[in-house]
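A.B. asks: Quick one: structure below, then a few questions.
The values are calculated or read from the model by the stated rules, or taken from the named source; none is laboratory data. As the structure is a computational prediction, the values presented were derived from the model and not from experiment. Cβ sites come from the backbone with ideal geometry, for glycine too, and all protein chains shown count toward neighbours. Areas reflect the complete protein model, heavy atoms only, side chains present, ligands, DNA and RNA absent. Shrake-Rupley method; radii C 1.70, N 1.55, O 1.52, S 1.80 Å.
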Amino acid sequence: MTKKIAVLAGDGIGTEIMAEALKVLDFLNADMSLGLTFEDGLIGGAAYDVHKTPFPQQTIDLVKKADAVLLGAVGGKKWESLEIALRPEKGLLGLRSELELFSNLRPALLYPQLAEASTLKPEVISGLDLMIVRELTGGIYFGQPRGVKTLENGERQGFNTLVYTESEIRRIGHSAFKIAQKRNKRLCSVDKANVLECTELWREVMEEVAKEYPDVELSHLYVDNASMQLVRAPKQFDVMVTTNMFGDILSDTAAMLTGSLGMLPSASLDVNGKGMYEPIHGSAPDIAGQGIANPLATILSVALMLRYTFNNEVAAVRIEKAVNDALDGNIRTADIYSEGMTKVSTSEMGDAVIAALK
Ligand code: IPM
Ligand code: MG
């Protein structure tokens, strides 16, 4: 049976890194008879330039009928002055919301070869392997009312709303507990229950869900403490689960522990495991078009797609191993370069992964 993948390269370095991910996927598709087919679509600024919207109907139709979505990155200077509703980022938020991709998995794994690229001491991060499960379709990112209004005294007031229903908390809870069960069975839920009622409810519901997973040890941290612990002693964590905005912030911190945003993939899943896969880094407009971006996060996102949507663990592990082998060959893109290594371009890194796959 053939499976369709919607390919949305997006903006900035999106096109360059996507080309490498597709090279790798094309190779495996043929080599392992995966039966995958591809269809391109526009999102973000690239979509705005053609259709005057960052998430056009054609793309909505495409992602709805696809079995999985592979995304590059969105955003750039060119579109920054547009109103919020038309900005590239809205395309990404629309996609998450349209497909109900509520469960966002952001692994932070340290490749021993890159320990020197981190700004933290090697003993703090060596062996780091944690997973952040971020709620992705609710919370303050989507809550109503929102906006900027003018008060009676003429002063402007900006407002956003943090809301979670019990069922929204419960489903991300189940998602996180299930992932913890497959890992080291420790789950830390992050909230601000000392100040925000909404996350007091979050904590209560996590406790309720925990009863169904007696093999998983649940703990709680306030988000300020969690961010501090992440840089102080990140290896204490196995899986973390948190709200949309806290997850946005903590996942950037977690990512940087590993030395480079250029290495980290992500998966965003719906209740049936249909997913959107993307690197966690952005469109990096400052280096776009130069052929120096690191394609590994996107290539590793392909591995997550094979694992979570297509249930093909063998193919996923093959890619992850090939990335590891490429790093063992001492080649590095600029973002992860250190002395004594060979600096390579985006496409040379893609070629090295394919060579390792062979
Ligand atoms: C992320 C990004 C997005 C987010 C932006 C681009 C809308 O920062 O995926 O972490 O805030 O969710
Ligand atoms: Mg972010």
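A.B. asks: What is the antiparallel percent of DSSP beta bridges lying wholly in the chain, to the nearest 5?
C.D. replies: Counting only bridges with both partners in the chain, antiparallel ones make up about 40 percent.
A.B. asks: Using all C-alpha to C-alpha distances in the chain, build P(r) with 10 Å bins and read off the rounded percent in each one.
C.D. replies: Going out from 0 Å in 10 Å bins, the chain shows 5, 24, 33, 26, 9, 1, 0 percent.
A.B. asks: Then there's this: At a Cα cut-off below 17 Å, give the aspartates and glutamates reachable from Lys211, other chains included and same-chain residues fewer than 8 away excluded.
C.D. replies: Glu166
A.B. asks: If packing is taken as the mean number of other Cβ atoms within 10 Å per residue, what is the order of 211-217, 257-263, highest first?
C.D. replies: 257-263, 211-217
A.B. asks: Need one word for segment 162-275: rounded, prolate or oblate. Basis is the Cα gyration tensor (sqrt eigenvalues a ≥ b ≥ c); a/c below 1.5 gives rounded, then a/b vs b/c decides.
C.D. replies: rounded
A.B. asks: Separate question: Using just the alpha carbons, could you tell me how many Å³ per residue the convex hull of segment 5-47 encloses?
C.D. replies: It comes to 45 Å³ per residue, whole-number rounded.
A.B. asks: Moving on to the next point. At 7 Å along Cα-to-Cβ for each site, give me the label-to-label distance between Val314 and Gln229 in nm.
C.D. replies: Distance between the two pseudo-spin positions: 4.0 nm.
A.B. asks: Add +1 for every Lys or Arg and -1 for every Asp or Glu among the other residues with Cβ under 15 Å from the Cβ of Ala326, and state the total.
C.D. replies: -1
A.B. asks: Going Cα to Cα from Lys343, which aspartates and glutamates come in below 13 Å? Please leave out same-chain ones fewer than 8 positions away.
C.D. replies: Cα-Cα hits under 13 Å: Asp335.
A.B. asks: Using the heavy atoms of the protein chains and a 1.4 angstrom probe, tell me the accessible area per residue for the chain in square angstrom.
C.D. replies: Here the residues of the chain average 44 Å² of exposed surface.
A.B. asks: Determine the percent antiparallel among the DSSP beta bridges restricted to segment 122-263, to the nearest 5.
C.D. replies: In segment 122-263, approximately 20 percent of DSSP beta bridges are antiparallel ones.
A.B. asks: Further question on the same structure: Which GluC sites (Glu not before Pro) in segment 1-85 sit in a loop by DSSP (not H, G, I, E or B) and have at most 12 other Cβ atoms within 10 Å of their own Cβ?
C.D. replies: Counting only loop positions with at most 12 other Cβ atoms within 10 Å, the GluC sites (Glu not before Pro) in segment 1-85 are Glu80, Glu83.
A.B. asks: A further question on this structure: Need one number: nm distance between label points at Asp129 and Ser97, each 7 Å from Cα along Cα→Cβ, rounded to one decimal.
C.D. replies: 3.8 nm
A.B. asks: First compute the accessible area of the chain with a 1.4 Å probe, then give the percent of it belonging to carbon and sulfur atoms.
C.D. replies: Ligands and nucleic acids excluded, carbon and sulfur give 52 percent.
A.B. asks: Mind checking the full-extension length gain between Gln181 and Gln144? Use 0.36 nm per residue of separation minus the Cα-Cα distance, one decimal, nm.
C.D. replies: Result: 9.9 nm gained on full extension.
A.B. asks: So, one more: To the nearest whole percent, what portion of all C-alpha pairs in segment 73-179 is separated by more than 25 angstrom?
C.D. replies: Across segment 73-179, Cα pairs with separations above 25 Å total 49 percent.
A.B. asks: Hand me the trypsin sites (Lys or Arg not before Pro) from segment 29-91 located in a DSSP loop with no more than 11 other Cβ atoms within 10 Å, in residue order please.
C.D. replies: Taking segment 29-91 and a limit of 11 other Cβ atoms within 10 Å, the loop trypsin sites (Lys or Arg not before Pro) found are Lys52.
A.B. asks: Still on this structure: Pairs Lys4/Lys185; Lys3/Lys274; Lys52/Lys77: which are spaced more than 23 Å apart, C-alpha to C-alpha?
C.D. replies: Lys4/Lys185
A.B. asks: Report the GluC sites (Glu not before Pro) located in segment 110-174 that are in a DSSP loop and have at most 10 other Cβ atoms inside 10 Å of their Cβ, or state none.
C.D. replies: Sparse-neighbourhood loop GluC sites (Glu not before Pro): Glu152, Glu155.
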